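The values are calculated or read from the model by the stated rules, or taken from the named source; none is laboratory data. For clarity, every value in this text was computed on a predicted model and none was experimentally measured. In this analysis, Cβ positions are derived from the backbone assuming ideal geometry, glycine residues included, and neighbour counts consider all displayed protein chains. Accessible surface areas use protein heavy atoms only, side chains included; no ligands, DNA or RNA. Shrake-Rupley method; radii C 1.70, N 1.55, O 1.52, S 1.80 Å.
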Amino acid sequence: MIYRINDFSKVEKLFNNWPYPDWHKVMNLKVEIYVDDPESPKSAVGFLGTWCYCVGEPNKALITRKRKDWYGLFPQNRKWEKLIKECYPEAKRYTRYAIKHDAVFDRERLQAMIDALPEQYELKKIDSKVYDLCQKVTDEDLEELTDWFRSKKQFLELGLGYAVITDGKVVGGASTAFRFPEGIDIEIDVDRKHRRKGLASAAGARLILDCLERGWKPTWDAANMKSVHLAEKLGYTFDYKYYCYAVSPIFLKAIKNPDKSRWESYCGKYETNCKDFKLKKVWMKDGDLYGLASNEVRRNFKFKFYPIGDSTFGRRDGDAIVTFGDGFCIIDNITCQKL
């Protein structure tokens, strides 16, 4: 049986302040806690938005509960990792880097980073007007400056951030990922075309200084080593690395023993009259169906089709539904003609 509980004190020892001491107090994302026993739990998973922290004794029922959205599983130890791999053998593993939360900042050094912002760029607090500018960005990474919040109203009430603007466009910034009662976890993103100019340092420094002025604690969690180096530049210290397994809801929807009799007819080269997305070809390998495509962010990426109907498929790294017909396929209303 699986039980949802609201009393964090029942699982506090299981989580042992991992990975964030106050993750269950996050104000801008939905928090859910599920356990194996509502009174004396030995296993628990804590959902923070689409992040799921797995603690205690490994429990299959807790991590195979169906979810509508993509989510990341964070195993507390190797036993949890082993179970995740058994349940989701095709889940992609990512390395993340924990940053110590006891940073002591050099305010003069942070101010110097802000002052070093190139003249053609302007650093602005994300208010109502700047928030609207953030909604116009086309870079997927930049979308995360405000995407951690459910609405503009919620961001303006709970969030804090600074955007880097040039020519009337947002090209970078530092903002709030998680909002805690006593602080924030920092999100920093810069458009690929504007990197290596000190924009991330300036925005991050300004956000940290604002937090310090408010008496808030700014925390950091890094997705890659570049993020670690930036954190260290701003005054943080690296702690340890840990792992996240990306689980697509398509894994749970996929048909286990599909009828593959028509799959060969789907194979071949395709032509797509769409600027932002192109399906180039489809092929079979070892009984599975694969595709090669390009979009505005990634060139020539390969992916596996997961059958969810007679001629309908999904893929691991996206929400697009693909439906094959006679000599064509449709991907989220985009028609691709077979050559």
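Over all directions, average the projected area of the Cα convex hull of the chain and note it in nm². Display every interim value, and only then the final one.
Details: hull surface 76.3 nm².
With every direction weighted equally, the projected area is 19.1 nm².
Please report the relative contact order for the range 263-331, taking Cα pairs under 8 Å with a sequence separation of at least 6, and give it as a percent rounded to a whole number.
Averaging sequence separation for qualifying contacts and normalising by length gives 18 percent for the range 263-331.
Using the Cα gyration tensor of the range 49-125, with a ≥ b ≥ c the square roots of its eigenvalues, what is the shape: rounded (a/c below 1.5), prolate (a/b larger than b/c) or oblate (neither)?
On the way: a/c = 3.68, a/b = 2.43, b/c = 1.52.
Here the range 49-125 falls in the prolate category.
What shape does the range 93-191 have by the C-alpha gyration tensor, where a ≥ b ≥ c are the square roots of the eigenvalues, rounded means a/c under 1.5, and otherwise prolate means a/b greater than b/c and oblate the rest?
rounded
Scan the range 29-118 for GluC sites (Glu not before Pro) in coil per DSSP, keeping those whose Cβ has at most 11 other Cβ atoms within 10 Å, and list them by number.
E39
If you place +1 on the Cβ of every Lys and Arg and -1 on the Cβ of every Asp and Glu, how big does the dipole about the Cα centre of the chain come out, in debye to the nearest 20?
Dipole of the chain, to the nearest 20 debye: 1000 debye.
Which lysines does K125 reach when only Cα atoms under 29 Å apart count, and residues fewer than 8 places away in its own chain are ignored?
Cα-Cα hits under 29 Å: K25, K30, K100, K136, K152, K153, K169, K193, K197, K217, K226, K233.
Along the three principal axes, how long is the range 258-305 when you take its alpha carbons, biggest first, rounded to the nearest angstrom?
For the range 258-305, the Cα spread along each principal axis is 33, 17, 15 Å.
Output needed for the range 163-256: three equivalent-ellipsoid semi-axes, defined as square roots of 5 times the C-alpha gyration tensor eigenvalues, in descending order, whole Å.
After diagonalising the Cα gyration tensor, the semi-axes are 28, 19, 15 Å.
One-quarter of the Cα convex hull surface for the range 223-291, in nm²?
8.9
How far apart, in nm, are the 7 Å Cα→Cβ label points at E157 and N77?
According to this spin-label approximation, the distance is 4.1 nm.
Using DSSP to define loop residues, name the chymotrypsin sites (Phe, Trp or Tyr not before Pro) in the range 74-179 whose beta-carbon has at most 13 other beta-carbon atoms within 10 Å.
Answer in residue order: no site qualifies.
Quickly work out the Q337-to-R298 label distance, labels modelled 7 Å from Cα along the C-beta direction, and quote it in nm with one decimal.
2.8
When N counts the residues of the range 185-338, how does its alpha-carbon radius of gyration compare numerically with 2.2 N^0.38 Å, as a ratio?
Details: Rg = 21.7 Å, N = 154, 2.2 N^0.38 = 14.9 Å.
Rg over 2.2 N^0.38 Å, computed on Cα atoms: 1.45.
Percent relative contact order of the range 16-103, based on C-alpha pairs within less than 8 angstrom and at least six residues apart? Don't skip to the end; give the middle numbers.
On the way: 98 pairs, mean separation 17.0, N = 88.
With pairs under 8 Å counted, the relative contact order is 19 percent.
How far is helix 78-87 tilted off the main Cα axis of the chain, in degrees rounded to 10, range 0 to 90?
It works out to around 30 degrees.
Please give the helix 225-234 orientation as an angle from the longest Cα principal axis of the chain, in degrees from 0 to 90, rounded to the nearest 10.
So the inclination is approximately 10 degrees.
Net charge within 10 Å of I5 by Cβ-Cβ distance, Lys/Arg positive one each and Asp/Glu negative one each, not counting I5 itself?
-2
For a quick check of your reading of the filter: which trypsin sites (Lys or Arg not before Pro) in the range 223-323 sit in a DSSP loop and have no more than 16 other Cβ atoms within 10 Å?
Loop-located and lightly packed - K256, K260, R262, K275, R298, R299.
How far is helix 199-214 tilted off the main Cα axis of the chain, in degrees rounded to 10, range 0 to 90?
Taking Cα atoms only, the helix is inclined about 60 degrees.
Quick one: grab the alpha carbon gyration tensor of the range 135-216, order the square roots of its eigenvalues as a ≥ b ≥ c, and give me rounded if a/c is under 1.5, else prolate or oblate depending on whether a/b is larger than b/c.
oblate
Could you please state, rounded to a whole Å, how far the C-alpha centre of the range 40-98 is from the C-alpha centre of the range 110-177?
32
Which percent of the accessible area of the range 29-96 is formed by carbon and sulfur heavy atoms (probe 1.4 angstrom)? Could the numbers behind the result be given before it?
On the way: 1580 of 3450 Å².
Whole-percent figure for carbon plus sulfur exposure: 46.
Got the relative contact order for the chain handy, in percent, Cα pairs under 8 Å and 6 or more residues apart?
For the chain, the relative contact order is 15 percent.
Would you calculate a helix-derived [θ] at 222 nm for the chain, using -39,500 (n - 2.57) for each DSSP H run of n ≥ 4 and dividing by the full residue count, to the nearest 500? Please report the intermediate quantities before stating the final value.
Details: 10 runs with 75 residues, N = 339.
That comes out to -5500 deg cm²/dmol.
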